[in-house]
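Contents: one structure, followed by commentary.
A short reminder: the numbers here are calculations on the coordinates, not readings from a lab. Given the structure is predicted, the values throughout are model-derived calculations rather than measurements. Cβ placement follows ideal geometry from the backbone for every residue including glycine, while neighbour counts extend to all protein chains displayed.
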Number of protein chains: 2
Amino acid sequence: MKPVRQAIAAMGTDLGPEVLAQCRVLFDAEQSALLAQVPVTAAYVAYGPHERHRLDIYRPQGDGLAPILVFVHGGGFLKGDKGGHGGGTDAWPNANVGRMAAEAGFVGVVINYRLAPDNVWPAGSEDVAAVVGWLKVHAAQYGGDPQRIVLMGTSAGSVHVAGYLKLAGDRDIRAAILLSGLYGYTPLDARDMLYYGDAALYPDRMPLEAVAATQLPLMLACAEFDPPRFQAEFLGLMQHRLARHGAMPRAYIHSGHNHYSMAMHLGTADRRLSQEICAFVRETTA
Amino acid sequence: MKPVRQAIAAMGTDLGPEVLAQCRVLFDAEQSALLAQVPVTAAYVAYGPHERHRLDIYRPQGDGLAPILVFVHGGGFLKGDKGGHGGGTDAWPNANVGRMAAEAGFVGVVINYRLAPDNVWPAGSEDVAAVVGWLKVHAAQYGGDPQRIVLMGTSAGSVHVAGYLKLAGDRDIRAAILLSGLYGYTPLDARDMLYYGDAALYPDRMPLEAVAATQLPLMLACAEFDPPRFQAEFLGLMQHRLARHGAMPRAYIHSGHNHYSMAMHLGTADRRLSQEICAFVRETTA
């Protein structure tokens, strides 16, 4: 673990395609091995009419209906892909989370969703809701229990999961896992406005109140080398939950990881976060 | 891990001798085995004139000088003991941290310090400083490197480590680990006043500014089932550090643990926190 920590620490906390590429290289060998080991069960399944309304399913070994862990990728509202196809270093990112889920005994569902700027608020959350609706009808045929759905997102994906809580409430899912998300505790930046629209709309559109209020079990996570804004959002929500509910939600601060590596390393030998996630899924779907 | 989590969750977040006793029962078998496995190297070593100026040393296997991890117990300023003597469930608590350190390759030093109300502020921090001074002179004869001292405290012990930073600065230690401490982000309660004195003295005496300002590597921890005040102190310091230094310090939120079990389980099969602590000690003393 130590060389990975040192490599990630050396990357600093800035985001961008170069750091993303460096992170991919770091986990490429282990993730390619996992890719070879856990095949996709169903790929490019349509859950809606748009070309981005596609999801991949990773089914665990064994019979019976298993809990479902849905993963919503990041990419700053503008980019990102469920992975799971092609070769090289594009094949495994994000798909690795579905594979990790299947290895843990869950049905892993990794989704694409409509992107900004062509698709603005609340497109991302609507698509998460469409996935939940689709799973209610179709999950059982892939071994998934439609009564035991947990949503997990990272970065913009976390925003869309939080937005799902705002849009749809908490009745169709068991729990939500928010990795390095933005909820509304810090000011909008220019890129966020490509999704949310004008800053004046932000107070009404951001998911802050929904995640602060929900009675659903929440797990929050943040990385030691996350950019300051993401750390501020994490701590803002933690304090808000403590003040309102009298206790912090389940949470994990991932030492030795950054904004990208947090989800990207899931499935590798560093099992600290995956163990916390899987324990949380097991408990909230028991 | 699951039955321990359930047992601890069922205890709630209130403190008191009953919960403390329940936690001891929970870890008694594993900690008694560790006690039998890792003998104390030197017991009741005097580091000062008071009867509470005593420390125990747990030396690791191997030659050469090892990093030193000093552990300062909790007990609300009024109680607590380094353990390491007698039988029954009093034998291992707090001493277990020294044993965990020795197993990880560090010299573990577990201390007693003067207690309130007879000994008021800054007695606890003065005693931590006396331990550091004593180690500078004597550590090498027990295999400890006097240039590589890390201080760790829990609860009131954390307050005394933080108070050490206020009293002595950061020049003689490499890092500090603060488990479930109180730094000054929440109001004093009646018991704290037995140590700090009148509430009017608190702003000058609390260690808030020292821990917020220090350039020393810090690791903070807090438990999922810590009382709300301790969670608020943790988040207060996290936000203060983020605002002032542009990044959160290293931190760990321990799911499935409470205020007592956080330090008390160290050395058992649940190695999540001990791994984070030991990695931090290794890195800051490398």
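Remarks
- Amide N of region B:27-63 lying under 15 Å from the label point, which is placed 7 angstrom from the Cα of B:His138 along Cα→Cβ: B:41-59
- Distances between copies at A:Leu78, taken between label points 7 Å from Cα along the C-beta direction, are 5.9 nm in increasing order.
- Region B:72-200: C-alpha gyration tensor shape, a/c 1.5 cut-off, then a/b vs b/c: oblate
- Peptide B:245-253, shielding by other chains (average Cβ, 10 Å cutoff): 6
- Nearest-first distances (nm) between copies at B:Ala91, label 7 Å from Cα via Cβ: 5.6
- Other-chain or far-sequence residues with amide H under 5 Å of B:Ala251's (modelled H): B:Leu220
- Treating r as the C-beta distance of B:His245 and A:Gln275 and R0 as 41 Å, the FRET efficiency rounds to 0.90.
- Here region B:55-83 is scanned for amide nitrogen atoms under 13 Å from the site 7 Å beyond the Cα of B:Ala43 along Cα-to-Cβ, giving B:55-58, B:82-83.
- Inter-copy label distances at B:Asp198, using a point 7 Å along Cα-to-Cβ, come to 5.8 nm with the shortest given first.
- Listed peptides A:127-134, B:136-143, B:244-251 by packing density, highest first (mean Cβ within 10 Å): A:127-134, B:244-251, B:136-143
- Radius 10 Å from Cβ of B:Tyr185, net charge of other residues (Lys, Arg +1; Asp, Glu -1): 0
- Net charge, B:Ile253 excluded, C-beta distance under 10 Å - Lys, Arg +1, Asp, Glu -1: -2
- Mean separation of Cα contacts under 8 Å, 6 or more apart, over the residue count of region A:2-154: relative contact order %: 27 percent
- Cα shape, region A:2-285, gyration tensor, a/c 1.5 rule: rounded
- Rounded, prolate or oblate (a/c below 1.5 giving rounded, otherwise prolate when a/b exceeds b/c) for region A:183-286 by Cα gyration tensor: oblate
- Taken residue by residue and averaged, Cβ atoms of other chains lying within 10 Å of the Cβ of A:268-280 number 1.
- From its DSSP helices (H runs of at least four residues, each -39,500 (n - 2.57)), chain B gives a residue-normalised ellipticity at 222 nm of -12500 deg cm²/dmol.
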